[in-house]
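First comes the structure, then the notes that go with it.
The values are calculated or read from the model by the stated rules, or taken from the named source; none is laboratory data. Note that the structure is a prediction, hence the values are computed from the model and not measured. Don't worry about glycine lacking a Cβ; one is built from the backbone with ideal geometry, like all the others, and counts go over all protein chains shown. Quick note on the areas: whole protein, heavy atoms, side chains included, nothing else; ligands and nucleic acids left out. Shrake-Rupley method; radii C 1.70, N 1.55, O 1.52, S 1.80 Å.
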2 protein chains.
Amino acid sequence: MKKIILDLAVTLDGFIEGPNGEIDWCIMDDDMDFEGFLSSIDTIFYGRVSYDMWGNYQPEENASPEEQNLWKAVHAKNKYVFSSRKREDKNAVFVDSDIASAVAEIKKQDGKDIWLYGGASLIKTFIDLNLIDVYRISVHPIALGKGKPLFEDLKDRLNLQLIKTNIFKSGVVQLIYEPVK
Amino acid sequence: MKKIILDLAVTLDGFIEGPNGEIDWCIMDDDMDFEGFLSSIDTIFYGRVSYDMWGNYQPEENASPEEQNLWKAVHAKNKYVFSSRKREDKNAVFVDSDIASAVAEIKKQDGKDIWLYGGASLIKTFIDLNLIDVYRISVHPIALGKGKPLFEDLKDRLNLQLIKTNIFKSGVVQLIYEPVK
């Protein structure tokens, strides 16, 4: 069974963006092995806004080979977009109703795991439906004081079990949890 | 020079209390060596509300010897209460104006370090005045979705440098930072 993995960067105060969408605090260090994570998944789940921003993003022509390769790897994944608006796009499958059943079908497919990319409202939906198998939260060494929270107005408390921690040279600490069943 | 140490428990989403003051999620495990921390400080800073709740708290008579000893150790510390209301109490010194100068004088005293106990508004004042030397943040394996944030409406972003991490068997991860000067 494929696992659904939430993997994202948060500030120490639990924001995924500043009040004006700022993500300039987000560190991408070479000891983080993001490529390793990408090679463990074959599917990406997006919300509509995130897909419109990043689903077909192409790096600048003068971007580093590492960045070019990273985006090539991202765009080679199977992509699903969860949105109540009906849409079509040759690069993604759009799911516009009954998320839980659609996700249950996708999880049964063979292959690697699934990266739940975001944004915040899709994440909230997945938490409330209890669909996330692994939380990989990279806590960055900064507090913004305001911004867009990762966990906002959850239906219930979310109890987690710590599985692993990774400490990076930049001071980012990755906390890996599974939900307490 | 005495250091000012913020030491507290937060949820993964950065709350120090639930929306109704809940702290039932807060874990106190014997591998956390809270006694060791207490023995490294000789002074506690409170805001008014926190002092009224905890400054003279006495555990139940049938509390465990560990809990009795912990509170005895807490109450043996020098206590300062920061409040704009004038007050007197034989167990604490009240500071009702010019926090920065008062704190500078206290830091010059000989002895051990200072525990900045809280609450949230005193912590905010200390962050905004750049008075905190060490942040010891114990991230608990739970998200509440709502509550009282540790870092609320900061004047500026707070950039931190990771110094150390401690991982406890309960799944609490203590992140120790110093501010980036």
* Filter result (crowded, with 18+ Cβ neighbours inside 10 Å and assigned to a loop (DSSP other than H, G, I, E, B)) within segment B:107-123 -> B:G119
* Asked: Quick one: would you say A:P59 is out of contact with any Pro (no Cβ under 6 Å at 6 or more places or on another chain), surrounded by 13 or more Cβ atoms within 10 Å (Cβ to Cβ) and without any contact (Cβ under 8 Å) to a residue 24 or more places away in the chain?
  -> yes
* Asked: When you look at B:R87, is it among the charged types (D, E, K, R) and touching a residue at least 40 places away in the same chain (Cβ under 8 Å), yes or no?
  -> no
* Count of residues meeting criterion [facing chain B (nearest Cβ under 9 Å) and either modelled with pLDDT of 95 or more or touching a Phe, Trp or Tyr at 6+ places or on another chain (Cβ under 9 Å) (or both)] in segment A:141-162 -> 14
* Structure fact -> With criteria (1) surrounded by fewer than 15 Cβ atoms within 10 Å (Cβ to Cβ); (2) at pLDDT 95 or above; (3) at the interface with chain B (Cβ under 10 Å from one of its Cβ atoms), A:A104 comes up short on (3)
* **Answer residue from segment B:144-178, given it is under 16 Å from the mean Cα position of the chain (by Cα) and farther than 21 Å from B:E17 by Cα and is surrounded by the fewest Cβ atoms within 10 Å (Cβ to Cβ) among those** => B:E178
* With the condition kept exactly as written, say whether any residue in segment B:135-143 is at positive phi and open to solvent by 40 Å² or more (accessible area, probe 1.4 Å). => no
* Asked: Counting only residues that are modelled with pLDDT of 95 or more and open to solvent by 50 Å² or more (accessible area, probe 1.4 Å), how many does segment A:27-47 have?
  -> 1
* State yes or no: is B:N91 part of a loop (DSSP other than H, G, I, E, B) and within 14 Å of chain A (Cβ to nearest Cβ)? => no
* To do: Tally the residues that are over 21 Å from A:K146 (Cα atoms), at the interface with another protein chain (Cβ under 8 Å from one of its Cβ atoms) and not β-branched (V, I, T), restricting the search to segment B:163-175.
  => 1
* To do: Determine if segment B:101-115 includes at least one residue that is free of Cβ contacts under 8 Å to residues at least 12 places away in the same chain and under 15 Å from the mean Cα position of the chain (by Cα).
  => no
* Asked: Of all residues in segment B:11-51 being acidic (D, E) and assigned to a helix (DSSP H, G or I), which is nearest to the chain's Cα centre (by Cα)?
  -> B:E35
* Asked: If you check B:P19 against the conditions, is it under 24 Å from A:D13 (Cα atoms) and exposed (fewer than 15 other Cβ atoms within 10 Å of the Cβ)?
  -> yes
* To do: Can you work out which of the residues in segment B:124-134 that are away from chain A (no Cβ under 13 Å) and in contact with a Lys or Arg (Cβ under 7 Å, 6 or more places away or on another chain) is least open to solvent (accessible area, probe 1.4 Å)?
  => B:V134
* **Filter pass, B:V180 being within 10 Å of chain A (Cβ to nearest Cβ) and either touching a Ser or Thr at 6+ places or on another chain (Cβ under 8 Å) or under 28 Å from B:D33 (Cα atoms) (or both)** => yes
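Taking into account only those residues within segment B:58-84 that are aliphatic (A, V, I, L, M) and assigned to a helix (DSSP H, G or I), which is farthest from B:S97 (Cα to Cα)? Lay out the reasoning, then the answer.
Let us first name the residues in segment B:58-84 that are aliphatic (A, V, I, L, M), namely B:63, B:70, B:73-74, B:76, B:81.
After this cut, where a residue has to be assigned to a helix (DSSP H, G or I) as well, the list is B:70, B:73-74.
Values: B:L70: 31, B:A73: 28, B:V74: 25 Å.
Ranking the qualifying residues of segment B:58-84, first place goes to B:L70.
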* **Any chance A:V74 is within 14 Å of chain B (Cβ to nearest Cβ) and open to solvent by less than 20 Å² (accessible area, probe 1.4 Å)** => no
